[in-house]
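Before any comments, here is the structure.
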Amino acid sequence: MYELLLFTGGIYKFNEFKEFIDDLGGLIIEMESFKVSRGMYFLSEEVKVLILVPIGEKKK
């Protein structure tokens, strides 16, 4: 069995997060990234990721 989780956060070390999910035996279902800017100035970039992880691995 798997649990459906939503991760929201910055993209710093996101590649390591993807590897961690893969090591747990989970799957990334959907990823949405968005940028926050004000005029010409870039303020931040964030992602929303929908993931499936095994039920026993949720605590990690």
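The values are calculated or read from the model by the stated rules, or taken from the named source; none is laboratory data. Just so we're clear, the structure is a prediction, and the values are computed from it rather than from any experiment. We place every Cβ from the backbone using ideal geometry, glycine too, and count neighbours over all the protein chains shown. These area figures cover heavy atoms from the full protein model, side chains too; ligands, DNA and RNA do not enter into them. Shrake-Rupley method; radii C 1.70, N 1.55, O 1.52, S 1.80 Å.
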Check your understanding: Relative to a virtual label point 7 Å from the Cα of L52 in the Cα→beta-carbon direction, which members of region 1-36 show backbone nitrogen distances below 18 Å?
Key -> 1-7, 18-32
Practice item. Sum up the lysine pairs in the chain that clear both bars: alpha-carbon distance under 18 Å and a spacing of 8 or more or different chains. Key: 9
Check your understanding: Within a Cβ distance under 13 Å of S37, other residues only, what is the Lys/Arg minus Asp/Glu net charge?
Key -> 0
Review point. Once the chain is represented by equal point scatterers at the alpha-carbon sites, with solvent omitted, what log10 I(q)/I(0) does the Debye formula produce at q = 0.13, 0.18, 0.28, 0.29 Å⁻¹?
Key: -0.39, -0.64, -1.19, -1.24
Point to revise | Surface share of carbon and sulfur [accessible, 1.4 angstrom probe, percent] for the chain | key: 55
Review point. Which angle from 0 to 90°, rounded to the nearest 10, does the C-alpha axis of helix 14-24 make with the longest principal axis of the chain?
Key: 10
Revision key, fill the gap. With the dipole of the chain defined by +1 on each Lys or Arg Cβ and -1 on each Asp or Glu Cβ, the option from I11, G25, I51 whose Cα lies farthest towards the positive pole is I11
